[in-house]
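The values are calculated or read from the model by the stated rules, or taken from the named source; none is laboratory data. Because the structure is predicted, anything quoted here is derived from the model rather than measured. We place every Cβ from the backbone using ideal geometry, glycine too, and count neighbours over all the protein chains shown. Protein only, heavy atoms only, side chains kept; ligands, DNA and RNA dropped before computing areas. Shrake-Rupley method; radii C 1.70, N 1.55, O 1.52, S 1.80 Å.
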Amino acid sequence: MFERRTEREIPGSLTGIINVLFGEPLDKREQISNWERRPLRESQIIYAALDAFCLIEVWDVLRSRSADRNIAFPPGKMSPSEEALKLELAAFPVMNLDAAIAASAKKFICDTHLEGLSRRLRNIGVDTEFADETWTEQQLLEQTMRDDRIFLTSPARWAIVRKQLPRGCCFSISNNAKAIRQLEYVVRMFNIAITRDSVLSRCSSCNGDVFIHATRHEVMLLVKLSPTSEVASTPQSAQPARSTRCTENTRDNPIPTAGPDFATCFKNVVEARETIDFLTGKVTLNGISVDVGSLQEFKMSRVKDYYICSSCGKVYWPGTHFGRTWHFLIANKLVQA
């Protein structure tokens, strides 16, 4: 909205903001005049009124510039892109009119600016690759056609790329809409049915769908190999008090292996003893290290079973994530309660 500035250069006063927006500061000469003397001089009255009047001008300028840049203003209000996206949701033709399709029936590639959408799609079980800055144009086109994927991109890039892909393989998504509104757009346009079986069935970090089941004992062996793990790197004497209390209170009453919902998340499961090298802490198939860096003693004392993404090494365990995700989808009317 303003020119790029460092934190120290951004004006912190009203006169500084006026100077940025209008090219000259407020006249502050009356600021230290005698305000107890009555009647006030005309110049004092004008000065006092100007402090309030200029805020209206500032508001109008910020609103105008925000609209030009497609930025939500004031904060919390839908941006013009989101408002347009909401209208499109009501009018855009549904691609699958006969019946809703399973989340696994469509495959997408999200452009660089749609990382949030790619994670949301993976969370509902949709096979979604994320084309970050390292992807070349050729790689993008080839993978879209080879894997029969649909490329989701910005309106500007869509106008160019759609001519290089088969019909129906490229769709535009508003740049500035929130990820949940983008998800709603994709789900409704392709008539995707979200079910409890599909939620969290893919790794949100890398899109992997093969998970390695590991027991607490096996994960502890991996933790001891990792210098980044909080359990391995923190001396026992320095562990927080809550860890000790939690260990004492829950050692004999750990979290269940997996509740009904958590158990349905992972469709392709292999065992750790068959797929992990416990001398190196890596997945034998691809050499990826298991990411145990965030595990803590008080968590591990309660959890019996873990699921590790075989593609990136991210570790999952039973908790509240499934319930929170499902209720989030209900709250946003993407599934029925």
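Is it the case that R149 is closer than 14 Å to V186 by Cβ and open to solvent by 70 Å² or more (accessible area, probe 1.4 Å)? Don't jump to the end; show me each part of the working.
Values: closer than 14 Å to V186 by Cβ: yes; open to solvent by 70 Å² or more (accessible area, probe 1.4 Å): no.
No; evaluated as a whole, the condition is false for this residue.
Pick out the one residue from E248, E274 that is modelled with pLDDT of 90 or more, outside any loop (DSSP other than H, G, I, E, B) and either touching a strand residue (DSSP E or B) at 6+ places or on another chain (Cβ under 6 Å) or open to solvent by 60 Å² or more (accessible area, probe 1.4 Å) (or both). Even if it seems obvious, please write down each step before you answer.
Details: E248 fails: modelled with pLDDT of 90 or more.
Just a single option satisfies the conditions, and that option is E274.
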Over the range 207-219, the set of residues in a strand (DSSP E or B) and either open to solvent by less than 40 Å² (accessible area, probe 1.4 Å) or among the basic types (K, R) (or both) is F211, I212, H213, A214
Out of the residues in the range 186-200 meeting the condition of being in contact with a Phe, Trp or Tyr (Cβ under 7 Å, 6 or more places away or on another chain) and surrounded by 19 or more Cβ atoms within 10 Å (Cβ to Cβ), tell me which one is farthest from Y306 (Cα to Cα). V199
Please go through the range 102-136 and pick out each residue that is touching a Ser or Thr at 6+ places or on another chain (Cβ under 8 Å), surrounded by fewer than 19 Cβ atoms within 10 Å (Cβ to Cβ) and small (G, A, S). A102, S104
Would you point out which residue out of Q182, Q139 is surrounded by fewer than 16 Cβ atoms within 10 Å (Cβ to Cβ) and of a type outside the set (F, W, Y)? Q139
Enumeration of residues in the range 154-168 that are over 15 Å from E137 (Cα atoms) and touching a strand residue (DSSP E or B) at 6+ places or on another chain (Cβ under 7 Å): P155
(1) modelled with pLDDT under 95; (2) on the phi > 0 side of the Ramachandran plot: which one isn't true of N207, the others all being true? (1)
For D60, are the conditions met, namely being in a helix (DSSP H, G or I) and either on the phi > 0 side of the Ramachandran plot or modelled with pLDDT under 85 (or both)? yes
Filter the range 3-26 down to the residues that are at pLDDT 50 or above and of a type in the set (D, E, K, R), then identify the one that is farthest from I56 (Cα to Cα). E9
If I ask for residues that are in a loop (DSSP other than H, G, I, E, B), modelled with pLDDT under 85 and within 17 Å of S205 (Cβ to Cβ), which ones from the range 309-333 would you list? G319
Which of the residues that make up the range 159-179 are among the basic types (K, R) and either touching a residue at least 40 places away in the same chain (Cβ under 8 Å) or open to solvent by less than 20 Å² (accessible area, probe 1.4 Å) (or both)? K178
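Restricted to the range 277-300, and to residues that are at pLDDT below 85 and in contact with an Asp or Glu (Cβ under 9 Å, 6 or more places away or on another chain), which residue is surrounded by the fewest Cβ atoms within 10 Å (Cβ to Cβ)? Don't jump to the end; show me each part of the working.
Here is the first cut: in the range 277-300, the residues at pLDDT below 85 are 293-300.
Now drop any that are not in contact with an Asp or Glu (Cβ under 9 Å, 6 or more places away or on another chain), which leaves 293-297.
Working: G293: 17, S294: 11, L295: 23, Q296: 17, E297: 21.
Taking the candidates together, the pick is S294.
Do you know which residues across the range 298-337 are aliphatic (A, V, I, L, M) and within 19 Å of the chain's Cα centre (by Cα)?
V315, L329, I330, A331, L334
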Scan the strands (runs of 3 or more DSSP E) fully inside the range 87-206 and keep the ones with 3 or more residues being touching a Lys or Arg at 6+ places or on another chain (Cβ under 7 Å) and not hydroxyl-bearing (S, T, Y). 107-110
